[in-house]
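Below is one structure, written out as structure tokens; comments come after it.
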Amino acid sequence: MKNESAGPSDTPESQLERWIEASGPHAFQAIVDLNVRGLGDTLDGPETGIQCLRCAKVTPVGICSNCGSTAFRFGLNTIVCARCGTGSASYKCECGCVNPVNFQTYRRKAKASSGGGCFIATAALGSASAPDTLILRDFRDRVLLRSTPGEAFIRLYYSVSPPVASLIGRSASLRWISRTLLVRPVALFARYWMT
Ligand SMILES: [Zn+2]
Ligand SMILES: [Zn+2]
């Protein structure tokens, strides 16, 4: 049923890494904008859109024109219906511009509890699946998002962290500093708090 041509070792993470390599130094900002756990995630069509490269309007993915499902999967350059496998590699904007599906155009409606990664930890550790990143994500979902001040903090954090993460991602010394003085201590605290 699933429309996957990739082999079993072709994980979303390895696809993403290849994509970063191929896309060069500007890839990071696009990934920061992406706010998604990884390729291959199931996404909600009405909550997801493709942003026009010309006029910046976001066209929602919506529902599958073939089967009506709202569950989709995001690939490197397609969005594919998770139920029937119908896919789109481009979305036409109201302005007439036909936009490709990729990290530059993909947008997900910002939602604090959407399961997106921690931008700063991801930038500092160089991976969205590093153990510390996973602990911080867990801490956010299981502790912070269960309280009103915690939720407010996460909202604030997600609004200020993308440019900070982008800066960190570009500098090896900033990565080291944020890893050592920020991410590791906070992850240690989070691990202690949750056990
Ligand atoms: Zn447009
Ligand atoms: Zn479908």
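What separates the Cα centres of segment 125-195 and segment 71-85 is a distance of 29 Å.
Coupling constants for segment 143-157 follow from the phi torsions by the Karplus curve (6.51 cos²θ - 1.76 cosθ + 1.60, θ = phi - 60°), and in residue order they are 10, 5, 6, 8, 10, 4, x, x, 5, 4, 4, 4, 4, 5, 4 Hz; glycine and proline get x. One chain, two ends: Arg146 and Glu94. Fully extended at 0.36 nm per residue, the span grows by 14.8 nm beyond their Cα-Cα distance. Here Ala71 and Met194 are evaluated by their C-beta separation; at R0 = 30 Å the FRET efficiency comes out at 0.50.
Read-outs: derived from the displayed coordinates by stated rules, not from any lab. As the structure is a prediction and not an experimental result, all values here were calculated from the model. Here the Cβ is made from the backbone with ideal geometry for all residues, glycine too, and neighbour counts use every protein chain on show.
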